[in-house]
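Student: Supplied in structure tokens, the structure appears directly below.
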There are 2 protein chains.
Amino acid sequence: MNRDFIFGTLHTEAQRLAFERDAREGIHHDPYLSPPDPRPHQEVTLTVTLGPQVPADRVTVYYTTEDMVPRGHRGRPQVGEAVPLTRVSVEWDTLLWGYRTVWQGRLPGQPEGTVVRYTVEAWHSATRFSRFLQDGDRLRVFGYGVDEEPVAEWLRAAVIYQIMPDRFAPDPGTDFDRSADPQHDIMGGTLRGITSRLDYLARLGITALWLTPIFPSPTYHRYDATDYGAVDPRLGTLEDMDALVAEAHRRGIRVILDFVANHCSDRHPAFVAAQQDPHAATAKWFTFEEWPHRYRTFFGVRSMPQFNVDDPGARAYLIDHAVFWLKRGVDGFRLDYANGPSHLFWSEFRRATRSARQDSALFGEVVHTPALMRSYVGRMDGVLDFVLLQHLRAFLAYHTLPPSAFDVFLRRHVAYFPPDLVLPAFFDNHDMNRFLWIVGNDTRRLRLAALFLFTMPGPPILYYGTEVGLSQDADVVQPNGWHHHGHARLPMPWGEDQDRDLYAFFQRIIRVRRAGGAVWWTTPITPRVVDDARGVYAYARGPYVVVLNTRDHGVDIPLDVGSLLLTTDDRADVRRGHIHLPPYGGIIAVE
Amino acid sequence: MNRDFIFGTLHTEAQRLAFERDAREGIHHDPYLSPPDPRPHQEVTLTVTLGPQVPADRVTVYYTTEDMVPRGHRGRPQVGEAVPLTRVSVEWDTLLWGYRTVWQGRLPGQPEGTVVRYTVEAWHSATRFSRFLQDGDRLRVFGYGVDEEPVAEWLRAAVIYQIMPDRFAPDPGTDFDRSADPQHDIMGGTLRGITSRLDYLARLGITALWLTPIFPSPTYHRYDATDYGAVDPRLGTLEDMDALVAEAHRRGIRVILDFVANHCSDRHPAFVAAQQDPHAATAKWFTFEEWPHRYRTFFGVRSMPQFNVDDPGARAYLIDHAVFWLKRGVDGFRLDYANGPSHLFWSEFRRATRSARQDSALFGEVVHTPALMRSYVGRMDGVLDFVLLQHLRAFLAYHTLPPSAFDVFLRRHVAYFPPDLVLPAFFDNHDMNRFLWIVGNDTRRLRLAALFLFTMPGPPILYYGTEVGLSQDADVVQPNGWHHHGHARLPMPWGEDQDRDLYAFFQRIIRVRRAGGAVWWTTPITPRVVDDARGVYAYARGPYVVVLNTRDHGVDIPLDVGSLLLTTDDRADVRRGHIHLPPYGGIIAVE
């Protein structure tokens, strides 16, 4: 399960144990509400737990419904209102060797459009003990929005295509800089290049483009912006972007930008000013532990200072620019490292972006536990499904999960999430080895994985080039442990370099996906064959049945299905009451 | 918290982590029912969890209401009835990095006197997978009794005195063998010796005697019996025992025997026969992993073979002998290593012992988590409170828990347990250093600990000699890690060797305890002063207030109390609105 390095902060047993202990110690609040996504005038139940070492016998939540930080002390409100929580149970915790207590309370319903802010105090009625839930030495302020906003239906139905703009297509009539190093250098992709390939993408059948960052940045990947309101001149102009959006929309393709609210470049003018003057207007946009050289960053990368997104100035800067792009026609955002910024920030972000564009969509990158993923319901339309990614690679690439274990995982995974959280599904992205590479460039296995991916509830994402056999020349993780993401970000092949058979297969599977519509996100996954000995997994989705042969041998499967919709391989065959699949072959049929 | 070696199987972090993982992996059932102690015709809800690696999508419970092992396969009953469980939730488990599922189902209500047996199968509807909950390679059969039996009220109200018969009192007119080694040798205490000291005990005020084992055994401690129906001849005769019981009862003192159902001596005739002949009638009373030399034991001690208590022969042998003692007048049993035998066994044991003596009481030694302790409700009247023991020693002896942390622990601890499980409370016993020894033989601190112990909800237990200052000459745990329990089992001092002031103090505190009656086990513990800086802890219990100064300095405490009932020290003083306590001093007052 750990073959890939995906869950960076939860990769090892020791990290997971430390995380578990941390969640059980101290004052803990998992911002998963009940109901998870409050509607107008619905009461909201909050749960807080106290670890064995917290000498408190009272818990109070303070809340405000205006843009003010709630305050109070020992149960008495100073700004906003106070809600005393009730102890609902005492739990024994063997790991901590002590008792935890579980507290609940209800915040009253609020009108449409309210953002509720709240803080949590634990205190002791017979001592002076009082402590607020904090993040380091900063008060943690939680929040949620109250609205009737539904999930963006176009996102549920989407087939998404992920592009790294520097690597997809250069200006028409030009080529990539073939002498550039993919690990560090600009290779020359542009927005005009993308626009010139929209017909290619429309023929493929995708319905949404996700562009990784396009804002000005010192790096080729641009996950460290210096300006949130412009296009990197090496990619083109704002007008080029407007044209890309207009041309995409003309073809029925939505455009999703990558938005990094967590951090920016250390060359961003706001940070440069903050480092020059501790009283600069933007100094509070960041968290200086010791001005000017010690500050919070993205995982210790000093060139990526972290925004203090709950500072009103930083918040306004980020939200105003998100709105700017929506007003220019962009359809939504993929939110980079979405578990960095606070839940309160995302509730504000959601309210503002929906006000700007009613049908805009947000999905977050939350490379963390399903419990945390789930907590963003109501704040985003969805979160990227890294947990499915990890398990499907174990099942189909590494063969470390047999069909029966994968089946059990898959159905529990789907059951765990509320229906109004969309989980975009993928088998690779720009941060890891491509799927084709880890299966030894065997396109049979890539097709099989696609058959699985395109029959899941979440909208599938294709990483650029997958459809024409783009692979790698070396592993992302080097023998010395360093990551060379450049290997998974090679330039898009065009013309003769494309595998046209594979492209045709992806055209067909996208057609099947789009024809199925809501079947994929409304019907259960019902196992039909779970055969560990032969590596076969078959499941029904509404009227369809999907059969996967995960092994390098042909199999005959006694299963009665109707007409074939799609095969990975011409040698796949259906006879009465019987399916023949070649090695790594699969089918979608009508049941 | 780990200063003492108490929780042998859960002493280290690694042990606790392994235990936690084990409880989350595989098929798991915690035999804590809902309701915890089923009454006639009440439905019983059972909960089963499946770990991430269990490839099952169905759970079935098979049950019988006669003395038969329930059987079934893939949901179909073969012996007894089947109840399909329903999946009630999916939980993410970060430690195991996978999903667990929680299943519940209801067994129908049964008439008074029924013992319900049940087994648990997890299976998969689309594969051949089927597995039962097992203990090693043996089917686990659970069980519970259905009855209206209340807790024995005399146990709730008891002040218990624990005697090791070899070490308490020799025959009148004789002395202990002073040349004997307390670690290994018989020192000469007898039942007639105990009977001759009943007036001493009655004057002290205790209401129940707990005798550690008296059955024939090769050892002085007798936790490895060779015959469950006789008195060790070195202690006396059956008639001596009858006389002890009669004389105790005449003084209003109950008699509790120590009963070891988990294991016997390897010289027990049943085991000798089983080792000689694998087809012997008693061969199935034990679990031979490889006959005749590899068999289950008490923690690897080869001289203590473990009974297979669910074998009908072994079960009958143990239960018949328990009934034998009750019919001779004994009032109940302290059940040694009670978490060794199955819950089903204890339900049977309970039914039989209550049938024999309606007012008999059982309390178990469960040196384990509160979660496991709690699971014996309905099967026993109580369990010994090793968790309180550990924390009170940390609070009062080692000062590793400040008053605020102890207060939080204590009130969570009391809230965790159902009211119909009695938790006998103690600050030492025969398996660890005496309390007086760990506080440097400072009787002020012993009195303070007694003040606490005698104002807790559970009936207090005094280990013989505590009341007259019996201490040790060396630690139980030797520098080399070996345990020399003999140091905590020195012979009882009599005559001039007794601390008579201390004895008078214990007389007084027992009188306060008995006068308070149900106040102790029905009213909450309400903190009045929790002062970490000065080490003061005060709490109310109904009309009483208890004030403890845990430190080696005098304190003045602003607290208004009424008349003094008891002080640990003459220098303790109450003035209007103000209490003065000398170092390690404490009081009980009327509020």
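Student: Based on the Cβ-Cβ distance of A:Val272 and A:Ala180, what FRET efficiency does E = 1/(1 + (r/R0)^6) give at R0 = 25 Å, to the nearest 0.05?
Tutor: Details: r = 28 Å, r/R0 = 1.12.
Working from the Cβ atoms, E equals 0.35.
Student: For a Förster distance of 22 Å, can you work out the FRET efficiency between the beta-carbons of A:Ala371 and A:Val88, rounded to the nearest 0.05?
Tutor: Details: r = 19 Å, r/R0 = 0.87.
The computed FRET efficiency comes out at 0.70.
Student: Scan around A:Ile579 for amide H atoms under 5 Å from its own, H built in the peptide plane at 1.01 Å from N, and keep only partners 5 or more places away or cross-chain.
Tutor: It is A:Ile557, A:Leu559, by chain and number.
Student: Relative contact order for chain A: what is it in percent, counting Cα pairs under 8 Å that are at least 6 residues apart? Show your work: numbers first, answer last.
Tutor: Values: 1273 pairs, mean separation 62.5, N = 591.
Relative contact order here is 11 percent.
Student: Using a 1.4 angstrom probe, figure out how much accessible area chain A has per residue, in square angstrom, rounded to the nearest whole. Show your work: numbers first, answer last.
Tutor: On the way: 21430 Å² over 591 residues.
Each residue of chain A exposes 36 Å² on average to a 1.4 Å probe.
Student: Quick check: from the Cα gyration tensor, does segment B:525-590 come out rounded (a/c under 1.5), prolate or oblate? Present the calculation step by step, with values, prior to reporting the outcome.
Tutor: Working: a/c = 1.56, a/b = 1.16, b/c = 1.34.
Oblate shape, in that a/c is at least 1.5 and b/c is the bigger or equal ratio.
Student: Report the accessible area of A:Trp521, computed with a 1.4 Å probe over the heavy atoms of all protein chains in place, in Å² rounded to the nearest 10.
Tutor: 70 Å²
Student: Sorted by average packing, counted as other Cβ atoms within 10 angstrom per residue and highest first, what order do B:362-373, A:63-74 take? Intermediate values should be presented prior to the final figure.
Tutor: Working: B:362-373: 22.8, A:63-74: 16.4.
Ranked from most to least packed, the peptides come out as B:362-373, A:63-74.
Student: Still on this model: Note the full-extension length gain between B:Gln78 and B:Arg251 as 0.36 nm times their separation in residues minus their Cα-Cα distance, in nm to one decimal.
Tutor: Numbers: separation 173, 0.36 × 173 = 62.28 nm, distance 5.51 nm.
Roughly 56.8 nm would be gained on extension.
Student: Let me ask something else. How high is the relative contact order of segment B:141-223, in percent, counting Cα pairs under 8 Å that sit 6 or more residues apart? If you can, show how the numbers build up before the last one.
Tutor: Values: 101 pairs, mean separation 29.0, N = 83.
Across segment B:141-223, relative contact order equals 35 percent.
Student: Counting only other chains, and only Cβ atoms inside 10 Å, what mean value do you get across the residues of A:408-418? Could the numbers behind the result be given before it?
Tutor: Details: counts 13, 5, 1, 5, 11, 4, 1, 5, 6, 1, 0.
Per residue, the average neighbour count from other chains is 5.
Student: Oh, and also: Quick check: net charge around A:Asp570, other residues with Cβ under 13 Å of its Cβ, Lys/Arg +1 and Asp/Glu -1?
Tutor: Details: positive: A:Arg444, A:Arg447, A:Arg508, A:Arg571; negative: A:Asp501, A:Asp569, A:Asp573.
Around A:Asp570, the charge tally is +1.
Student: About the Cα centre, and with charges only on the beta carbon of Lys, Arg (+1) and Asp, Glu (-1), how big is the dipole of the protein assembly as shown? Nearest 20 debye, please.
Tutor: Values: 126 positive and 144 negative charges, 329 e Å.
Charge dipole, the protein assembly as shown, about its Cα centre: 1580 debye, nearest 20.
Student: Defining the label point at 7 Å along Cα→Cβ, can you sort the distances from A:His184 to the same site in each other copy, shortest first, in nm?
Tutor: 7.5
Student: Once label points are set 7 Å from the Cα along Cα→Cβ at both A:Phe299 and B:Tyr398, what is their separation, rounded to one decimal in nm?
Tutor: Modelled inter-label distance: 4.0 nm.
Student: If you count, for each residue, the other Cβ atoms within 10 Å and average over each peptide, how do A:485-498, B:338-351 line up from highest to lowest? Present the calculation step by step, with values, prior to reporting the outcome.
Tutor: Values: A:485-498: 17.2, B:338-351: 23.4.
Highest to lowest by the protection proxy: B:338-351, A:485-498.
Student: B:Arg203 label points, 7 Å along Cα→Cβ, one per copy: pairwise distances from this copy to the rest in nm, shortest first?
Tutor: Reported distances to equivalent positions: 10.9 nm.
Student: I've got another one for you. Can you classify segment B:1-116 as rounded, prolate or oblate using the Cα gyration tensor, where a ≥ b ≥ c are the square roots of its eigenvalues, rounded means a/c under 1.5, and otherwise it's prolate if a/b beats b/c and oblate if not?
Tutor: Values: a/c = 2.36, a/b = 1.48, b/c = 1.60.
Cα axes put segment B:1-116 in the oblate bin.
Student: Could you give the dipole magnitude of chain B about its Cα centre, charging the beta-carbon of Lys and Arg +1 and that of Asp and Glu -1, in debye to the nearest 20? Kindly include the intermediate steps, with their values, before the conclusion.
Tutor: Values: 63 positive and 72 negative charges, 232 e Å.
The calculated dipole for chain B is roughly 1120 debye.
Student: Quick check: at a probe of 1.4 Å, how many percent of the accessible area of chain B sits on carbon and sulfur atoms? Present the calculation step by step, with values, prior to reporting the outcome.
Tutor: Values: 10530 of 21450 Å².
On chain B, the fraction of accessible area on carbon and sulfur atoms equals 49 percent.
Student: So how much slack lies between A:Asp442 and A:Gln15, counting 0.36 nm per residue of separation and subtracting their Cα-Cα distance, in nm? Could the numbers behind the result be given before it?
Tutor: Working: separation 427, 0.36 × 427 = 153.72 nm, distance 3.45 nm.
Result: 150.3 nm gained on full extension.
Student: With a point put 7 Å past each Cα toward its Cβ, work out how far B:Tyr32 is from A:Asp552 in nm, to one decimal.
Tutor: With each label placed 7 Å out from Cα toward Cβ, I get 5.1 nm.
Student: How far apart, in nanometres, would the label points at A:Arg128 and A:Glu148 be if each is projected 7 angstrom from Cα along the Cα-to-Cβ direction?
Tutor: 5.2 nm
Student: Highest mean first, how do B:447-459, B:548-560 rank when packing is the count of other Cβ atoms within 10 Å averaged over residues?
Tutor: So the peptides B:447-459, B:548-560, ranked by packing, come out B:447-459, B:548-560.
Student: For the rotation that superimposes chain B on chain A, which residue of B has the C-beta lying nearest to the axis, and at what distance in Å?
Tutor: For chain B, the closest residue to the axis carrying it onto A is B:Leu17, 3.
Student: Can you list the distances in nanometres, one decimal and ascending, from the A:Gly542 label point to the identical position in each other copy, with the point 7 Å along Cα to Cβ?
Tutor: Output for A:Gly542: 6.8 nm, nearest copy listed first.
Student: From other protein chains only, count the Cβ atoms within 10 Å of every residue's Cβ in B:91-103, then give the mean.
Tutor: Shielding by partners across B:91-103 averages 6.
Student: How many Å² of accessible surface get buried when A and B come together, counting both sides, probe radius 1.4 Å, rounded to the nearest 100? All intermediate terms of the calculation are to be shown ahead of the outcome.
Tutor: Details: alone 23350 and 23370 Å², together 42880 Å².
Buried surface at the A/B interface: approximately 3800 Å².
The values are calculated or read from the model by the stated rules, or taken from the named source; none is laboratory data. Predicted model only: the values in this text are computed from it and were never measured. Positions of Cβ are backbone-derived with ideal geometry, glycine not excepted, and every protein chain shown enters the neighbour counts. We work out accessible area using only protein heavy atoms, side chains counted, and drop any ligands, DNA or RNA first. Shrake-Rupley method; radii C 1.70, N 1.55, O 1.52, S 1.80 Å.
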